[in-house]
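Only one structure is covered here, and it is reproduced in the block below.
Throughout, read-outs are computed from the coordinates displayed, never taken from laboratory work. These numbers were taken from a predicted model, which means no experiment stands behind them. Every residue, glycine among them, receives a Cβ derived from its backbone with ideal geometry; neighbour counts consider all protein chains shown.
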Amino acid sequence: MAFFTRRGARLVEGWQSLGPAAQRLSLSLFLWGVGEGLWAYLRPLYITQLGADSAGVGLILAIYGLAPMLVMLPAGRLSDVFGPRRLMIGAWWLGTLGQVCLVFAPDWYWLAPGVFLLAASAAGMPAMNAYVALDASHRLGVAEAGRRMQTLLSRVIAIYVAGTIVSPLVGGWLAERLGLRVVLLISAGWFLMSTLLVHTLPPVRLLSTNPDAGKSDGGALPAARPVAWWRMSADQIRVFGVLLLVYLCFSLGYSLVPSYLEDVRQLPVATIGGLGSATALGGTIWLLVLGRRSSRRALVTASGMLVIAWMGLLLAPGGAVEMPALVGVYFLLGVYSGARSLSLTVVGEHTPPEQRGTSFGLIETMFGVGTFAGPWLAGQLYGFDPRLPFGVAIAAAFVLMPVIWLALTSPRGEKHKRGQAMAAPVEVSD
């Protein structure tokens, strides 16, 4: 009993540490997570139902990476200049519209526009991260916020992931009885509620190191002029390159797991959806656990856990032990969502405050490149042998683990600290 009391107290303390603005943002993300969880783990099955083969499934899933490739970097830069709140509102509406397009797609290739819009809503991610960082900087001070950034971002993302825990089970159950199209429509309703809540977020003040900053065309004082991405330090280039490889490897082995379960293991849709709840639960737990470790240690651990999951997927025996084994596999797969959040904290550690919006946008662009190439390659390999994407991902992860450990060394951050100390708040109309 004392254990649960202590855990409850720590959860309350963690919630209070976010502050009112980040709490409201977290609630919006929770609603979005509920809607996304209803069908996210059934995406390949919906594409197949509309007539696509394995290559077509890989192509549509690759569009989830194509859109962030195109929008993330400019989105992060706009967040630095005009403030994150406006960008988040637009991104949330974009995702809701994309979901509605998916509901009414008559054939699999008509999914492409809706998938693109839905994936482009990820433009709100760098703005969301910048919003949390700015809010924390004003509440706690820039230096203290920098020290606690990994914990704060992990908690916000964990609340989003928590929204996906029960909804996959419900989504699978509804899909078998009402069809996947109805599930997507219900999901759009949750997205709409999330979007309306984002509208209620309070403005934040941008951090500026330029006291003479003039007004922009929109009438708001801009933040410090962000350093151009092509002028990044060698340390930052190394970090972004390694994280691109991480995203490519992880998405290669993650994207077609539901198709493998349906095609090879002959599992029904409701069961596959229910397994998604194990992934969501794992994502919440692993994010909180790994968020307490150093970033490189956490990413190496995540890579090892995914290797175990993929090996379990391929080697799990049939019969009575099949379902417990697959629940364990899906629980470990939850680290995939946590790894994305952890990579954002790596970027925060290697980036001064005035560059964070642009840098978050660039890392989300890297995520888009990885999640575009990974599913596309997985679809091609799956056509030869359904086991091949997972085997290649396992081999790549074994190579990546020492690379991550050696490349993501602690930043030599004295310049960053000096830049943080110089930063002063400037009131803007966000």
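Here the gap between ASP385 and ILE237, fully extended at 0.36 nm per residue and compared with their Cα-Cα distance, gives a gain of 49.7 nm.
Any chance you could run the full-extension gain for VAL264 through ARG293? It's 0.36 nm times the residue separation minus the Cα-Cα distance, nm to one decimal. Numbers along the way, then the final one.
Working: separation 29, 0.36 × 29 = 10.44 nm, distance 3.69 nm.
Gain on extension, VAL264 to ARG293, equals 6.8 nm.
So, R0 is 35 Å and r is the distance between the beta-carbons of LEU314 and HIS199; what FRET efficiency does that work out to, to 0.05? Computed FRET efficiency for LEU314 and HIS199 comes out at 0.15. Based on every Cα atom in region 40-139, Rg and the maximum pairwise Cα distance Dmax equal 15.6, 52 Å. As a proxy for reagent exposure, ranking CYS249, CYS101 by other Cβ atoms within 10 Å from fewest up yields CYS101, CYS249. Here ASP107, ASP135 are placed in order of increasing Cβ neighbour count within 10 Å, fewest first, which gives ASP107, ASP135.
Annotation: the residues MET125, MET69, MET305, sorted from fewest to most other C-beta atoms within 10 Å of their own C-beta, follow the order MET69, MET305, MET125.
With the simple spin-label model, which puts each label point 7 Å out from Cα in the Cβ direction, the ILE89 to SER17 separation comes to 3.1 nm. Between ARG148 and PHE398, full extension at 0.36 nm per residue minus the direct alpha carbon distance yields a gain of 86.9 nm.
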